[in-house]
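Every number in this text was worked out from the coordinates using simple rules, so none of it is lab data. Given the structure is predicted, the values throughout are model-derived calculations rather than measurements. Ideal geometry is used to build each Cβ from the backbone, glycine not excepted, and the neighbour counts take in all protein chains shown.
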């Protein structure tokens, strides 16, 4: 039973600290992301990192709806080539201020101006018009599947409870169990008597018993001698 409890405790500790490590990493990343984007907005520059959740199926199957993309900021034409997936603002299509994430289908250079013709992998034709480097937010660096569903879940009441509160409670319970075990172990250590003292006491007790036996033996010998002397006097 104790072995099973130890295994369960080890598993709980492992997943608790793994989850805690992930939360710390994500917290640090998002803190950097918020500060860096605020600085980019204040200085009217492109952010180093941008995050977007895809809401259109135009890039399926490469990027699906609810996937999150991580973009790296692009400032130079030399950093772009055909087949790169970019996030940009269209100068032709009215998207209501939202960005478009499509693949570079062709690059045209006209009087030193690089014009990027784009196309969604799931679309039959290229996009209307073109975009330029100054309208490109960044190049897709990483695709995280279905993270948009997690975002939706976290925005709900039960999702927040499941993702944040439950792991926090699990970590708290694991720490309480550790504290209880530590107190129990300390108590057991205090109750353990030093081996040297135990042996010494046993030795003293054993010597006492031996001395008692010796005294009894001497007493019996004395009584026996007295009886022998009385018998000799009678004769």
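Results, tabulated for the structure shown:
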| quantity | calculated |
| --- | --- |
| Criterion: touching a residue at least 60 places away in the same chain (Cβ under 8 Å) and within 17 Å of residue 138 (Cβ to Cβ) - qualifying residue of 12, 54 | 54 |
| Whichever residue in the range 81-97 is under 18 Å from residue 51 (Cβ atoms) and crowded, with 18+ Cβ neighbours inside 10 Å and, among such residues, is farthest from the chain's Cα centre (by Cα) | 88 |
| Qualifying residue in the range 36-46 (condition: touching a strand residue (DSSP E or B) at 6+ places or on another chain (Cβ under 8 Å) and in contact (Cβ under 8 Å) with a residue 60 or more places away in the chain) | yes |
